Amino acid sequence: MANERSPSAAVVVTLPAALVRLFPGCARRVELSAATVGEAIDALEWRWPGMRDRVCDSTPRVRRHINVFVAGKRASLETRLPPGVEVMIMTAISGG
Amino acid sequence: MAVKVLILVGTKKGAFILESGAERQSWRLRGPFCETWPMNHVIADAASGAIYGGGGNAWFGPAVWKSTDLGATWTHSSAGLAYAAGEEPIKAVWSLAPGAGTLYAGVEPAGLFRSDDAGQSWRHIAGLRDHPSRPHWQPGGGGLILHSLVLHPSDPRQLWVAISTAGVFHSADRGETWEARNQGTRADYLPEGQRYPDYGQCVHCLVMAAGKPDRLYQQNHCGMYRSEDGGRHWHSIEAGLPSTFGFPAATHPRDPDSLYLLPLNGDTAGRYVPDAQAAVWRTRDGGAHWEALRRGLPQQNAFFGVLRQAMATDRLAPAGAYFGTSTGALFASADEGDSWSCIAQHLPAILSVETLVAEA
């Protein structure tokens, strides 16, 4: 999932409120260094153990009802992150 | 010693807890807990007093929630609660059972996990999914779920699981190897001549008689059954009941001959209580005879069902009995089912009901 050959860049990740509520102390807006979406989620997991399982399934891929946007475009774990880009993790339409 | 009684309720929108004294006449409702996740099974470990909730959220996947202060605060974990990469991921936790230092979890798609650190981390018990029948397991209406976990009370090597739709399986070596135990249970949805297979039955709920580990009862999609030999052979106990279909079963805390069922009108007839009149059916002789318990239950226009994990008893004397409906009503009896009252309504659809008797 992580591309070790890519240099990490500082990016901003925004998290959905329903996810933040599961992790005491977590903020909606997080600054971290990552070269790909997968690395960004690794960094979130390091700060808040268990967060990867909430965002990704064991396939592994982003969960079916979670969307990740990089610079406004739908992304996968492999999507590369240019320096300073905004990564938005959002809950998709789901439930009943 | 003064005690309090807790009813642990799993619903489609979170966990709830109702609390009363030993008289069990007035109840205080708390919740919703667990961030309103669907909670398929909320249980208590009587040894530690911890409450656990198994569920799954459409956004965030499966997890086991835990409270060590009777529901005031909760944490969650799914560390290790996963199949290998590439396999169909786990959608939800469906059943929980505490044993001697081990907490077991049954999941969808059907499989079994154990935690030896009180729910902080989980390990897959791969032996069950290695059973040669696994390619033939079929999801029922609720999915391919491991919904019943029955632990032997004195032999930690032995456990039984029930899977819809695969049947009952038993392990005598802590889950390393498994044997299908379905002989005598019917599968009406198969062609004539094939209705008593080794596996593939749609078991709905599996419970163990108090003090008699070899006696099991099951509510099946196709009938109600008793086994006297740990599930090797099953015998129908459906004569005298209003239908062969239902979901929950609950045993008495001390009397192995007493069982509570809640038959529904049939799998293709709406799956609500027969004639829209609610009744819990009780046997006191192992299923030879049945009586309908209706006092205090709605006897007209009752179009609800009761799901497989949504009926329970408590350990007091006389025993309390409880069930929750698909329409969010919770009924309680403090006299072994002789009379009932509605103690909560307008809850989300109720998925599970369990009890805890704790020091006040």
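Among the criteria (1) within 24 Å of B:GLY14 (Cα to Cα); (2) surrounded by 16 or more Cβ atoms within 10 Å (Cβ to Cβ), the one A:PRO49 does not fulfil is (2).
Restricted to the stretch B:263-317, and to residues there that are among the acidic types (Asp, Glu) and surrounded by fewer than 19 Cβ atoms within 10 Å (Cβ to Cβ), the residue that is nearest to B:ASN220 (Cα to Cα) is B:ASP267.
Tallying residues that are out of contact with any Phe, Trp or Tyr (no Cβ under 8 Å at 6 or more places or on another chain) and under 14 Å from B:GLY10 (Cα atoms) within the stretch B:71-94 yields 3. Of the candidates A:ALA9, A:ALA40, the single residue that is among the aliphatic types (A, V, I, L, M), more than 26 Å from B:ALA85 (Cβ to Cβ) and touching a residue at least 12 places away in the same chain (Cβ under 8 Å) is A:ALA9. Restricting attention to the stretch A:81-96 and to residues that are more than 12 Å from the chain's Cα centre (by Cα) and under 23 Å from A:PRO7 (Cβ atoms), the residue that is surrounded by the most Cβ atoms within 10 Å (Cβ to Cβ) turns out to be A:VAL85. Within the bounds of the stretch A:20-38, is there any residue that is facing chain B (nearest Cβ under 10 Å) and within 14 Å of the chain's Cα centre (by Cα)? No, the stretch A:20-38 contains no residue that is facing chain B (nearest Cβ under 10 Å) and within 14 Å of the chain's Cα centre (by Cα). The helices (runs of 4 or more DSSP H) located wholly in the stretch A:1-90 that include 3 or more residues which are over 20 Å from B:ASN57 (Cα atoms) and out of contact with any Pro (no Cβ under 7 Å at 6 or more places or on another chain) occupy A:37-47.
Consider the stretch B:78-105 and keep the residues that are facing chain A (nearest Cβ under 9 Å) and surrounded by fewer than 19 Cβ atoms within 10 Å (Cβ to Cβ). The one that is modelled with the lowest pLDDT is B:GLY86. Taking the listed residues B:GLY287, B:GLY266, B:GLY305, the one that is modelled with pLDDT under 95, under 21 Å from B:CYS205 (Cβ atoms) and small (Gly, Ala, Ser) is B:GLY266, with no other qualifying.
The set of residues from the stretch B:52-77 being aliphatic (A, V, I, L, M) and more than 10 Å from chain A (Cβ to nearest Cβ) comprises B:VAL64, B:LEU70, B:ALA72. As a summary of the residue check, A:THR14 satisfies the conditions (1) crowded, with 19+ Cβ neighbours inside 10 Å; (2) out of contact with any helix residue (DSSP H, G or I) (no Cβ under 8 Å at 6 or more places or on another chain); (3) more than 14 Å from chain B (Cβ to nearest Cβ) except for the one numbered (1). Checked against the criterion of being assigned to a loop (DSSP other than H, G, I, E, B) and of a type in the set (Gly, Ala, Ser), the stretch B:346-353 contains one or more residues that satisfy it. Can you find a residue in the stretch A:78-87 that is under 25 Å from B:GLY80 (Cα atoms) and within 14 Å of chain B (Cβ to nearest Cβ)? No, that holds for no residue. Looking across the stretch B:134-159, the residues that are over 15 Å from B:THR102 (Cα atoms) and either in a loop (DSSP other than H, G, I, E, B) or in contact with a strand residue (DSSP E or B) (Cβ under 6 Å, 6 or more places away or on another chain) (or both) come down to B:TRP137, B:GLN138, B:PRO139, B:GLY140, B:GLY141, B:GLY142, B:GLY143, B:LEU144, B:ILE145, B:LEU146, B:HIS147, B:SER148.
Look at (1) assigned to a loop (DSSP other than H, G, I, E, B); (2) at pLDDT 95 or above; (3) in contact with a Leu (Cβ under 9 Å, 6 or more places away or on another chain) and you find that B:HIS131 fails only one, number (3). Considering the stretch B:53-70, the residues that are crowded, with 23+ Cβ neighbours inside 10 Å and closer than 14 Å to B:VAL9 by Cβ include one that is farthest from the chain's Cα centre (by Cα), namely B:TRP65. Against the conditions (1) within 14 Å of chain B (Cβ to nearest Cβ); (2) within 23 Å of B:SER121 (Cβ to Cβ), A:ARG47 satisfies every one except (1). Of all residues in the stretch B:27-69, those satisfying the criterion of being without any contact (Cβ under 8 Å) to a residue 60 or more places away in the chain and out of contact with any strand residue (DSSP E or B) (no Cβ under 6 Å at 6 or more places or on another chain) are B:GLU35, B:ALA47, B:ASN57, B:ALA58, B:PHE60, B:GLY61, B:THR68, B:ASP69.
The values are calculated or read from the model by the stated rules, or taken from the named source; none is laboratory data. Keep in mind the model is a prediction, meaning the values are calculated, not measured. Counting neighbours? That spans all protein chains shown, and the Cβs are built from the backbone with ideal geometry, glycine included.
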